[in-house]
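See below for the structure under consideration.
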């Protein structure tokens, strides 16, 4: 959606063709989609069966994170592992090998995709953020009349570290409030030092980023790391694990500890709280990085890629 909206905003006509969910596991049961007559390139997810690839158009495949990465395997259920290995693995390998162009959202994902498929020609195009919407707020200094507020966003999954949350809360000790956005419902009242917000809108998400003192993530695996980027764009210090693509996004503008070490993460949070009374946290540096490397200008890299594929396709058809 973000890519499609961005292209249309630039005056480049783009449209999403939606398929029923069964197209993923029963592709023969879903009707083929005819591309619009004006389309001259198609961009697909790496799990899409080639049955649905339009004929005669160059195909771009994007990989957001690779479930076949051995580092991802501990976070799959047994059923997911069987599904990935029997159905998705051969399909995704063929898609990556057969596409006219392949993009990855991080250098980390590029490496895993190359090792998995043997393909070396992979273009890294980082995700981007709206720096006007996700912005720092001038009145968001630490409020010492309340506990130090940490904001956390993520799904209820082991990959996102939900199982580590109780131990992290205990390791933090007094003087902290964790506001957690994720899951399907909101808790009626705070429990201990956590406030569960449930699923929230983007505007609520931005207010949480702007109103917190720092952002924390317990995620063990990220193909990119939007929470880190959103925190940086809002001028907030980011605390998390030194894993997968997170160091690539943060690049020294956050506080990363060994994966799974909640005690080290809690210690960093306490140190940050103490420093906040005398030093300005490194949020301003993070926002500068977010705007410099992860702005909507990355959208232009897709435009350049599309244009080169269209030119090659036109040359082949004209030969």
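Taken together, the values in this text are just the output of simple stated rules run on the coordinates, not laboratory data. Just so it is clear, the model here is predicted, and its values are computed rather than measured. Glycine also receives a Cβ, built like all others from the backbone with ideal geometry; neighbour counts cover every protein chain displayed.
Whole Å is fine, so just give me how far the alpha carbon centre of the range 96-175 lies from that of the range 1-77.
Cα centroid to Cα centroid, the span is 22 Å.
Would you please give the FRET efficiency between residue 201 and residue 288, computed as 1/(1 + (r/R0)^6) with r the Cβ-Cβ distance and R0 = 35 Å, to the nearest 0.05?
Values: r = 27 Å, r/R0 = 0.78.
That gives a FRET efficiency of 0.80.
Please report Rg (one decimal) and Dmax (integer) in Å for the Cα set of the chain.
For the chain, the Cα-based Rg and Dmax read 21.4, 73 Å.
Bin all alpha-carbon pair distances of the range 74-139 at 10 Å intervals from 0 and give each bin's fraction as a whole percent.
Per 10 Å bin, starting at 0, the Cα pair percentages come out as 18, 33, 27, 15, 7, 1.
Give the share of C-alpha pairs in each 5 angstrom bin for the range 148-293, from 0 to the last occupied bin, in whole percents, shortest bins first.
Calculated P(r), rounded to whole percents: 2, 10, 21, 25, 23, 14, 4, 1, 0.
Please compute the volume of the convex hull spanned by the alpha-carbon atoms of the range 30-130 and report it per residue in Å³. All intermediate terms of the calculation are to be shown ahead of the outcome.
Numbers: hull volume 13.7 nm³, N = 101.
Cα-based convex hull of the range 30-130, divided per residue, equals 136 Å³.
Per 5 Å bin from zero, what fraction in whole % of the C-alpha pairs of the range 212-319 is there, up to the bin with the longest pair?
Cα pair-distance distribution for the range 212-319, in percent: 2, 12, 19, 18, 15, 9, 6, 5, 5, 4, 3, 2, 1, 0.
Run the numbers for residue 64 and residue 312: contour at 0.36 nm per residue of separation, minus the present Cα-Cα distance, in nm.
86.7 nm is the gain from fully extending residue 64 to residue 312.
Does anyone have the angle between helix 262-275 and the longest principal axis of the chain? Alpha-carbon axes, 0 to 90°, nearest 10?
60 degrees
Can you give the FRET efficiency for residue 123 and residue 263, using 1/(1 + (r/R0)^6), R0 = 35 Å, r = Cβ-Cβ distance, to the nearest 0.05? Don't skip to the end; give the middle numbers.
Working: r = 40 Å, r/R0 = 1.13.
Calculated transfer efficiency: 0.30.
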